[in-house]
Each structure stands twice: as C-alpha cells, then as structure tokens.
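The values are calculated or read from the model by the stated rules, or taken from the named source; none is laboratory data. Quantities reported herein were computed from a predicted structural model and do not represent experimental measurements. When we count neighbours, we look across all protein chains shown, and the Cβ atoms used for this are built from the backbone with ideal geometry, even at glycine.
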Amino acid sequence: MEFDIPRETADFAAEVDEVLNSPETARLLAAVRAREDGLDGDVRELYRHLGSAGILAPSWPAEYGGRDADFTATVALLEKLVARGIPQNLYCISVLNVGSLILASGSEQQRKTLLPAMAAAQRIACILFTEPGNGSDLAGITTSATRDGDGWVINGRKTYNLKSAYADLALCAVRTDPNSSQYEGITLFLVPLDAPGVTIRPLPSLADEHFNDIWFTDVRVDDDALFGTTGEGWSLITQMFAAERTGLDYYARGRHWLDLAAERLTAPGGQPSDTALAGLARHRIRIEASKLLSCQVLQNLQEGNADIAESSFAKWHCSETAQRIAWWALDTLGPGVLEPGTDAGARTLEAALREAPGMTISGGASEVMLDIVSSARVFGTGNGED
Ligand SMILES: Cc1cc2nc3c(=O)[nH]c(=O)nc-3n(C[C@H](O)[C@H](O)[C@H](O)COP(=O)(O)OP(=O)(O)OC[C@H]3O[C@@H](n4cnc5c(N)ncnc54)[C@H](O)[C@@H]3O)c2cc1C
C-alpha cells in the first residue's frame, strides 16, 4: 500500500502549524487545560479560532467551507491536532462524521446552510444513535417520531452520547414506522438541541470526558429536520459507519501516546531493557499499519468506494492498537505513569489508560467489527450490524 502525498498537503500542513503555533491558539488551549476537574471541557472557542483560519474541513469542496484538498490533508490535520494535545472528539464527531454524511447524502439546502458553519465550528453536531437497550444492536431503536400535522413529535431516550452538551444539533436515529421491519422503520433527523422537550444530563465516565443521557419529551421538529427520507435511516447509518470507522482518530491518538512513551523510554541517561525496546519496535510497526489501513479507507471513500467491512477492519485495528499502546506504556514505564504530577506528557499517558477501554467499544465494538469482517469474507458482503 502506498499513498502519494501531494505538494498541497505539505503546504497545508505548514499552514496548520502556523495556526497551531499562534499565541491565540496557545491561550485558548491553556484555557481548556486549566479546568480544575481535569475533564476535556468546552473546546468550542478553540475550535472556532481554528475554524476561522479555514483549516478544519480541508477535504470538503470550497463551496461548503472546505479547500478541495485530498484525504491526506485530513490525516495531516488530525495528527497535528492530537500531537498538540487538542481534544479531538468534538471535531471528529461534528466535522468528520456528521459533516461528511451531510456532504454525501444531505439535501442541497442542508449542505448549503450547515456545512460552512460546521467547517467554521460555528455550529456543532453530535450523534444520538445508542439507547439504554440498543448499542451494537442498533436496529432495535425505540425512540419514536410520529407525524403531527406538518411536522414530527419525538419521544424517547438516548445514552452514552459524547458532546451533546456543546452541540447545536444532533443526528438522531428514531423509529418512524413501528409496523415495518426492524431495518425499514428507522429514520434520521437533525434535531436542534435547544428545542423544547430536550433534556441533557451528564453520565459519569472513566475517561476525561463524561457521557450524556438525552431525553426527548414531545419534541416537535419540522420536516426540514428530516435527514434523507422516512425509512431510509438504516442505509444512511451504514453509510455513515463506513466513514466513521476509518480508524483515523484512534490511529492519531495511538501515535501520540507511542511518541510520548518512546520519548520517556529513550531519554538520555535511561537504560531501557531489550524487552522494552522490542515492544517499542512492535508498536511502531502496528501504528504504521494503522495509518496505512486508515488511509486506504479514506482514499476509497474519496473515490466513492465505501466498504463497511474494510472500514470495520481499520476501526478494529486502529482502536485495538491504540489501546495496547496505552497499556504497554504503563507496563514499560512503570507506575509513575499513574502519578503524572505537572508533566503534561505524563498526564496524557495517564488519561490514555482511562480512555483506552472505551476505544474498542465506541463507534462499534471490536467483536462486532470482526463479525462484519467475517460476514463479508464468508458471504461477500458486509451490511452493517445486526
Ligand atoms: C467513548 C464512547 C463514546 C461513545 N459516543 C457515542 C455517541 O456520541 N453517540 C452514540 O449514539 N453512542 C455513543 N457511544 C455508544 C457506543 O456506540 C455503544 O456503547 C456501542 O455501540 C456498544 O453498545 P453497548 O454499549 O450497548 O454494548 P452491547 O452492544 O451491549 O455490547 C456489549 C458487549 O457485547 C458484545 N457484542 C454485542 N453484540 C455482539 C455480537 N453480535 N457478537 C459478538 N459480540 C457482541 C460487544 O462487542 C460488547 O463487548 C459511545 C461509547 C463509548 C464507549
């Protein structure tokens, strides 16, 4: 597998460095890090600053707030954001996942009104798929939307959401037809989160970022909140999974953690054991494989060849690799990792230990990813969860 990195990507990467090195970025990042509770807090102002520099959606068409760049620009951007310690979840969910789905399958009206604002981080989107009784088995969605005059009324509960507390709208999967098959009765809506009847409550998490529970109580939305057509939800969800499961954000975090651990392991004066160095070499190879798999998926998406099995494999590999790196860093560097003090890099490695368990669950659990891959191998098709 080889990928050509166009000259434009090198120019773009230099531009990103310039923005990330600016005093304003440093000031806004320091404000995010200064939270006393240690949580990845409200990064919207920081992202608005990056968005105003026009660097957040390089691979989108210029008319929707992008730069007409190829996928390698997105890879370079995410590597740099993560390496600088800029919390990436808000960006990945809003721009890379929801934004990319709007670009691929939204109406022209949705593309025109939402994408430039999302590329500028002036509008933020989150994803509301999971329910208390339906995670991997998404086709069991029970949150309902019923027709009411010229609009819809939504009732139900979503859980384990990231970022709804900071989002303006949510891509929400609901059941619009209780009588059709599990897969045919699902519809997607872009729900404004300030609508009356939406209640958001934090849910504790082991990681530096809490989840949210969201209740919809007689939430009324207009027809223009409909994403796609009624009953098209399952096919759109599968399409989004192919784009969400590139593994890119897992790869970028794994690479950053490996670099931080390697810096400590090979610091002058240290005497790393042969076992530690062999582990480092093994993880370097795995992380390079993560990058290649992720780039392969991104390139195929760019060329219109989305493949859910290929994405599932990349997501599985990148998340499992990042998780193993976090645990390997603890085993290799010793329990000092658990008492990071004021060392920012060590704090990142400690936080990685708490973030790692969720990586092989979020965006599709590892067992389910392997199930999709094996179904595709056996039956020649990977058609999403069931
Ligand atoms: C960090 C994080 C962020 C998240 N963010 C969001 C978000 O923003 N929005 C959102 O909607 N959801 C979000 N989720 C929820 C996530 O999508 C679900 O947790 C995930 O799909 C798994 O569902 P579940 O928790 O119900 O577990 P289950 O589906 O109950 O799975 C439990 C275990 O059973 C295994 N399992 C399930 N089915 C099978 C099968 N067919 N074969 C073999 N094993 C199986 C799973 O692999 C897992 O190990 C997030 C989760 C995490 C951890």
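Brief remarks on what is shown
- Among the numbered conditions (1) hydroxyl-bearing (S, T, Y); (2) surrounded by fewer than 17 Cβ atoms within 10 Å (Cβ to Cβ); (3) more than 15 Å from the ligand (Cβ to nearest atom), the only one that T142 does not meet is (3).
- Selection of first residues in the range 339-360 that are in contact (Cβ under 8 Å) with a residue 60 or more places away in the chain and of second residues that are hydroxyl-bearing (S, T, Y), restricted to Cβ pairs under 6 Å at least 6 apart or on distinct chains, gives the following pairs, ordered by first then second residue: M359/Y250; M359/S319.
- When the range 143-182 is filtered for residues that are within 24 Å of the chain's Cα centre (by Cα) and part of a loop (DSSP other than H, G, I, E, B), the ones remaining, listed by number, are T143, L162, K163, A167, D168.
- Residues located in the range 213-231, provided they are more than 16 Å from the ligand (Cβ to nearest atom) and touching a strand residue (DSSP E or B) at 6+ places or on another chain (Cβ under 7 Å): T217, D218, V219, R220, V221, D222, D223, A225, L226, G228, T230, G231
Table: residues versus (1) more than 16 Å from the ligand (Cβ to nearest atom); (2) in a helix (DSSP H, G or I); (3) outside the structural domain of R264 (by TED's automatic domain parsing); (4) crowded, with 17+ Cβ neighbours inside 10 Å.
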{"residue": "A289", "(1), (2), (3), (4)": "yes, yes, no, no"}
{"residue": "C295", "(1), (2), (3), (4)": "yes, yes, no, yes"}
{"residue": "E310", "(1), (2), (3), (4)": "yes, yes, no, yes"}
{"residue": "H317", "(1), (2), (3), (4)": "no, yes, no, yes"}
{"residue": "L330", "(1), (2), (3), (4)": "yes, yes, no, yes"}
{"residue": "G336", "(1), (2), (3), (4)": "yes, yes, no, no"}
{"residue": "G345", "(1), (2), (3), (4)": "yes, yes, no, no"}
{"residue": "L349", "(1), (2), (3), (4)": "yes, yes, no, yes"}
{"residue": "P357", "(1), (2), (3), (4)": "no, yes, no, no"}
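- Residue ID - modelled with the highest pLDDT, chosen from residues in the range 183-212 that are within 14 Å of the ligand (Cβ to nearest atom) and not in a strand (DSSP E or B): L193
Every residue, every condition in (1) buried (at least 20 other Cβ atoms within 10 Å of the Cβ); (2) within 12 Å of the ligand (Cβ to nearest atom); (3) closer than 29 Å to M369 by Cα, yes or no:
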{"residue": "C92", "(1), (2), (3)": "yes, yes, yes"}
{"residue": "L101", "(1), (2), (3)": "yes, no, yes"}
{"residue": "Q110", "(1), (2), (3)": "no, no, no"}
{"residue": "I127", "(1), (2), (3)": "yes, yes, yes"}
{"residue": "T146", "(1), (2), (3)": "no, no, no"}
{"residue": "G149", "(1), (2), (3)": "no, no, no"}
